[in-house]
Amino acid sequence: MFHLHIVFCQIVNKKKYELCLEEYYQELFPYITMLDRNQRKRVRDMRRCLTIIAVMLGGFMESCSSPELALKMQTTGLETNCYLLYDPVSREAAIIDVGGPIDELLTVIGEGNLHLEYFLLTHGHSDHLIGVPAVRGDFPDAQLCMHKDAYVDLQTEREWAMANLGEEVIAEWMQQYPYFHKIVEFDVDTLGDPDVFLDDGDVIHLGNHPIQVMLCPGHARGSLCYHVDGLLFSGDVLFKGSVGRVDGQNSSRDDQITSVRRLYRELPDDTIVYPGHGESTTIGDERTGNKYITETAVDL
């Protein structure tokens, strides 16, 4: 860590503050990769402090804005959208839901020399996390994050389905959706314990980009939405023209209505919504035109 401070000072003296701190950080990146998770956190904290100091000293950061987060998507498993979100400066990355093999996203991580910081799960249904065990060991520093209620319900998901849906319905789904047998056979113990239980109002960071955690139960207990930089990753809470079904384990029609309308109320209309299934949409389009829940009407 001492060596890192020396290198940082050398770069600052060489550049004479002619570049943005983001560029300094990019030059430091080869050294940062050698640090453990706690040391990298200290570097991120130091970087944020230096940014504040720079603004106080002369405002030379006014013309320098953080680049937008980069986004890649892969649809896998039961047509589950899995998202790779990363900061091109710090190269810190997060994967939102892992519903099956995500080879395309892994290629982006490898070719971009990205550092995966988080696996962010939107809820505890197996079609959104069945792919985690296959890749979690490849990223030992990445924290698995979800809501505690979602983790609790995951433990009894199969038993609930057998008792409430019946073997005939499940067998029919397995014929209709070939991947569904993997969902039925999924061993929840292979997921392992989460590293972090997130809750409403929590904030995590990718570089200088804060990700707001929003608790939105209804489709499932412990459903989380992730809001950052005008983007909303809504899981199965809100879809293009639709919302998540409310006939599952511990689902709630009233909670779903409250959660969806909270998104309409708190987020700008131009917020881009990236759902757990299907195409993207915007808050404004759904607020006025969603088939099941709008700002003023409900048909759920």
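The values are calculated or read from the model by the stated rules, or taken from the named source; none is laboratory data. In this text, all values refer to a predicted model and were calculated from it rather than measured experimentally. Please note: Cβ atoms are built from the backbone with ideal geometry, for glycine as well, and neighbour counts cover all protein chains shown.
Numbers at a glance
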{"read-out": "Scan of region 164-173 for residues that are part of a helix (DSSP H, G or I) and either farther than 19 Å from residue 248 by Cβ or not aromatic (Phe, Trp, Tyr) (or both), ordered by number", "value": "164, 167, 168, 169, 170, 171, 172"}
{"read-out": "Region 92-142, residues that are among the small types (Gly, Ala, Ser), on the phi < 0 side of the Ramachandran plot and either buried (at least 17 other Cβ atoms within 10 Å of the Cβ) or not in a loop (DSSP other than H, G, I, E, B) (or both)", "value": "93, 94, 99, 110, 124, 126, 131, 134, 142"}
{"read-out": "Residue within region 174-191 that is at pLDDT 95 or above and either surrounded by 17 or more Cβ atoms within 10 Å (Cβ to Cβ) or in a strand (DSSP E or B) (or both) present", "value": "yes"}
{"read-out": "Flag for residue 115 being under 20 Å from residue 244 (Cβ atoms), at pLDDT 95 or above and in the same structural domain as residue 275 (by TED's automatic domain parsing)", "value": "no"}
{"read-out": "Residue in region 143-163 that is assigned to a loop (DSSP other than H, G, I, E, B) and of a type in the set (A, V, I, L, M, F, W, C) present", "value": "no"}
{"read-out": "Boolean, residue 221 is touching a helix residue (DSSP H, G or I) at 6+ places or on another chain (Cβ under 9 Å), over 28 Å from residue 72 (Cβ atoms) and crowded, with 20+ Cβ neighbours inside 10 Å", "value": "yes"}
{"read-out": "Matching residues, region 75-91, being surrounded by fewer than 23 Cβ atoms within 10 Å (Cβ to Cβ) and of a type in the set (Val, Ile, Thr)", "value": "75, 76, 89"}
{"read-out": "Selection status of residue 198, modelled with pLDDT of 95 or more, within 13 Å of the chain's Cα centre (by Cα) and closer than 13 Å to residue 118 by Cβ", "value": "yes"}
